[in-house]
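A.B. asks: I have a structure here, written as structure tokens, and I will follow up with some questions on it.
The values are calculated or read from the model by the stated rules, or taken from the named source; none is laboratory data. The structure displayed is predicted, hence computed values, not measured ones. Glycine gets a Cβ as well: all are built from the backbone with ideal geometry, and neighbour counts include every protein chain shown. Note: areas computed on protein heavy atoms with side chains; ligands, DNA, RNA excluded. Shrake-Rupley method; radii C 1.70, N 1.55, O 1.52, S 1.80 Å.
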Amino acid sequence: MARRGACAAVLVGVLLWVGLAGATGVSATPMTKAAAVATRPGEEEPPAGYREVVETPDTFPDKGDLQATLRAVTLVPQRGYTPIQVTVHNLGGQPRPVHLSIHSQGRITERSLQVGPRERVVTYLMLPADLNGGRLEMASPGVQTSSSSFYLDSYRGARVMVLGDVKSFERTTGLSRSEDNQEPLVATRFLDARVAPRDLAAYVGYDAVLVTVPPDEVPDDVWAVLESFALSGGRLMLTQPPANPRLHFPLLQDARAELSAYGFGQVRQCRDASPVCGQKLGQDVASAAGIVLPAGPPPRWERSDMLRDGRQPLLTSARAPVGRFMFLIFLFTLAVGPGGLMLARRKGPLAVLIAVPTLAAITCLALVAWSVLVDGFRVHAARYSLTLLDRERSRAVTVGLTAWYANLAEESVSMPAASVLLSPQEPEEPPRTLDWTQGLVLRDSFLPSRTYREWGEVAVLPSRARLTARKVEDGLIIQNALGADVVAGRVRFQGQLWELPAMADGAEARAVQLPSEPKDPLSDPGTDTALELPYEVGLRLLSATSPLQAELSEGDFLVRVGGRGFLPTAALDVDLEDAVHLVRGGFEEVRP
């Protein structure tokens, strides 16, 4: 009995031990899984929040009656130019001319202004985005020059400019500052809307621009440049939209729509709860890309006929005539080698000593003569652009690209304030002087001699270019008043699509009604239609083609024209090797 009792006790103990162990194992399993889910070593947290780039004011030492304050540690945009804010205060009773300049890596960015008595002026100097610092100098007659060095924040993620303060940004977007060890959704730069830049170049390089203050706190001229920013391909978000958005954005199709295509860019009116605005901002900057991407030269260790990222040059004159030069070298080798041996045998060594240098000089002169007679001293260019005509407001919104090759260096070019000249992200031998006093003037090596260059351009400029249509009994008559010859085109009139023949500037032609609808008004790059961009050009303007690919509405036209196009650099005298300009707008109907 005692043995049975002992066995029973042992059996009960074993069962209890097994049961407790099983219960412990079952209860521990979900805890272990939860801990594993919480930690998941090696997995990065998704981007969240924002990173504020704090701009610290740096006041120069007083120099007489002038005082300057620089806001440093500014966020560098993805491309284009970094607006450097400088406040100049004239403490005296006399007006003073002031010259501001930034010196960085042998390049100068400058602006001149007039400061009235006891006036405080906020201005901006646009520093090329490939520079991350410099030294600001302020000079005025009778005042000793003062200077201050600064450095910029070259964060590599999404970058946005905010017209407003931190409180309004957090309240309207629902975003908070990210932790130090967390990747932010965006990096932000905050500016007071009342003193925001009035130059289009100050905005085009950022992935998005937000307006987080009430509309009445934004001056009218700032609204005007923000509209130009959206028209020319920018992403603009309004977290407190105006009651009547068309007062500032007259091309909006639906004034209450949250997201509207606007020219080459977009306008988002965020009326939802704040977390939704933050999510929409993340979506916008995630898909942001440059509206025009000029190709830069390859790295120095990869010198070839190809450009950066394997792109092809857009100018045939930028390619050396290797075949012809090799033929001349081959002839020179024959003359110096076997020809020199034969000459030595017949005339002696002295004749060889005279003939070889003479032959080399003749060959060099032949190469120089080839360059002068064939290439000349002219600037060669190939121009490509996409233009939206706003007939009611008499303006043209243009995004374009020009490939340049100058046999002699072109020293300067001028750009109005409503336009921007964009270089590749990593330029080689960039211009050394940029003057922003009235628009932009580039001096010194805008186009170096015998060097292929690409410059992108965006512009919103006044224009009277238009097409007029007149209905007649047996068809439709179109008059070309675009300022350039029409190569081909289409118009939609009375619900029908009509094809345009080639027309000289100022000429009239009869449109031909198409029996069926084509697939797209503007084909993808590389397809075989008259209304197309060359393949290599399409890769550089990929983000700009959507507005022209849309179906033509009633009263709209899409044409291809030749000539120099609508961009500001069209004023330069060049030998035009190629030109493709696609223009879309609404025609003006003339009643008979």
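A.B. asks: What spacing in nm lies between the two simple spin-label points modelled at THR87 and GLU508, each 7 Å away from Cα in the Cβ direction?
C.D. replies: So the two model labels end up 6.2 nm from each other.
A.B. asks: GluC sites (Glu not before Pro) within the range 429-501: which are DSSP loop residues with at most 13 other Cβ atoms inside 10 Å?
C.D. replies: On the way: sites: GLU454, GLU457, GLU473, GLU499; in loops: GLU473.
Those that pass, being in a loop and sparsely packed, are GLU473.
A.B. asks: Starting from the 7 Å offset along Cα-to-Cβ, what nm value, one decimal, do you get for the label separation of GLU589 and THR437?
C.D. replies: 5.1
A.B. asks: Run the simple label-point estimate for ARG378 and ALA351 please: 7 Å along Cα→C-beta, distance reported in nm.
C.D. replies: Here the answer is 4.5 nm between the modelled labels.
A.B. asks: Need the C-alpha centroid separation for the range 478-514 versus the range 157-234, integer Å.
C.D. replies: Cα centroid to Cα centroid, the span is 42 Å.
A.B. asks: Next up: Can you find, among ILE108, ASN90, LEU125, the residue farthest towards the positive end of the dipole of the range 66-144? Put +1 on the C-beta of Lys and Arg, -1 on that of Asp and Glu.
C.D. replies: About the Cα centre, the residue reaching furthest to the positive side is ASN90.
A.B. asks: What size of dipole, in debye to the nearest 20, comes out for the range 146-207 about its Cα centre when the only charges are +1 on Lys and Arg C-beta atoms and -1 on Asp and Glu C-beta atoms?
C.D. replies: Working: 8 positive and 9 negative charges, 45 e Å.
Dipole size: approximately 220 debye.
A.B. asks: Rounded to the nearest 0.05, what FRET efficiency is calculated for LYS167 and ARG194 with R0 set to 22 Å and r the Cβ-Cβ distance? Present the calculation step by step, with values, prior to reporting the outcome.
C.D. replies: On the way: r = 16 Å, r/R0 = 0.74.
Plugging the Cβ-Cβ distance into 1/(1 + (r/R0)^6) gives 0.85.
A.B. asks: Shifting gears a bit: Once the piece of chain linking ASN132 and ARG120 is laid out straight, how much longer is it, given 0.36 nm per residue of separation minus the C-alpha distance between them? The partial results should precede the final answer.
C.D. replies: Details: separation 12, 0.36 × 12 = 4.32 nm, distance 2.72 nm.
Gain in length upon complete extension: 1.6 nm.
A.B. asks: Moving to a separate point now. When the solvent-accessible surface of protein heavy atoms is calculated with a 1.4 angstrom probe, in what order do LYS280, LYS167 fall, highest first?
C.D. replies: Details: LYS280 50, LYS167 160 Å².
Ranked from most to least accessible, the order is LYS167, LYS280.
A.B. asks: Using per-residue counts of other Cβ atoms within 10 Å, averaged over each peptide, order 226-233, 356-363 from highest down. If you can, show how the numbers build up before the last one.
C.D. replies: Numbers: 226-233: 24.8, 356-363: 12.8.
Descending mean neighbour count gives 226-233, 356-363.
A.B. asks: Mind listing the long-range amide H neighbours of TYR155? Cut-off is under 5 Å, sequence gap 5 or more, other chains count too, H placed in the peptide plane at 1.01 Å from N.
C.D. replies: Residues meeting the criterion, in which the H sits 1.01 Å from N, are VAL76.
A.B. asks: Work through the residues other than ALA484 whose Cβ is under 15 Å from its Cβ and net out their charges, Lys, Arg +1 and Asp, Glu -1. List each step's numbers first, then the result.
C.D. replies: Working: positive: ARG383, ARG464, ARG466, ARG560, ARG564, ARG584; negative: ASP485, ASP505, ASP578.
Here the charged neighbours net out to +3.
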